[in-house]
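Nothing in this text is a laboratory measurement; each read-out follows from the coordinates by a stated rule. Keep in mind it's a predicted model, so treat the numbers as computed, not measured. For neighbour counting, all protein chains shown are included, and Cβ atoms are generated from backbone atoms with ideal geometry for every residue, glycine included.
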Amino acid sequence: MAGPRQLYRRLDDWARGLSRLRYALLTGVIVTASVLAVGVLLDTTTTVQAVTMGVTMTVLYYAFDVNASDD
């Protein structure tokens, strides 16, 4: 069985191999799901807030291209 570090490394390599748009979309989906989950647990957030945060993060990650290599 693979250890947590090996699993993290494989997931990180996979995510870094995604195109700029797909990476940004993945980030937006993860952020939206996370904000919704925390909102359900704390009973404070709305769906609009979660979607707005997800869209904002998608645009920011696409605009600034965090996976660009500085060669």
Apply the Karplus curve 6.51 cos²θ - 1.76 cosθ + 1.60, θ = phi - 60°, to the phi angles in the range 17-25 and return the couplings in whole Hz, x for Gly and Pro.
x, 6, 5, 4, 5, 5, 5, 5, 5
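Counting Lys +1, Arg +1, Asp -1, Glu -1, what net charge surrounds A2 among other residues with beta carbon under 12 Å of its beta carbon?
+3
Rounded to the nearest 500 deg cm²/dmol, what is the calculated helix-only ellipticity per residue at 222 nm for the chain, with -39500 (n - 2.57) per DSSP H run of length n ≥ 4?
-26000 deg cm²/dmol
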Options (i) -0.40, -0.56, -0.97; (ii) -0.27, -0.42, -1.01; (iii) -0.36, -0.55, -0.95 for log10 I(q)/I(0) by the Debye sum over Cα atoms at q = 0.11, 0.14, 0.23 Å⁻¹; the value derived from the coordinates is listed as (iii)
Net charge of neighbours whose Cβ lies under 12 Å from the Cβ of T58, counting Lys and Arg as +1 and Asp and Glu as -1
+2
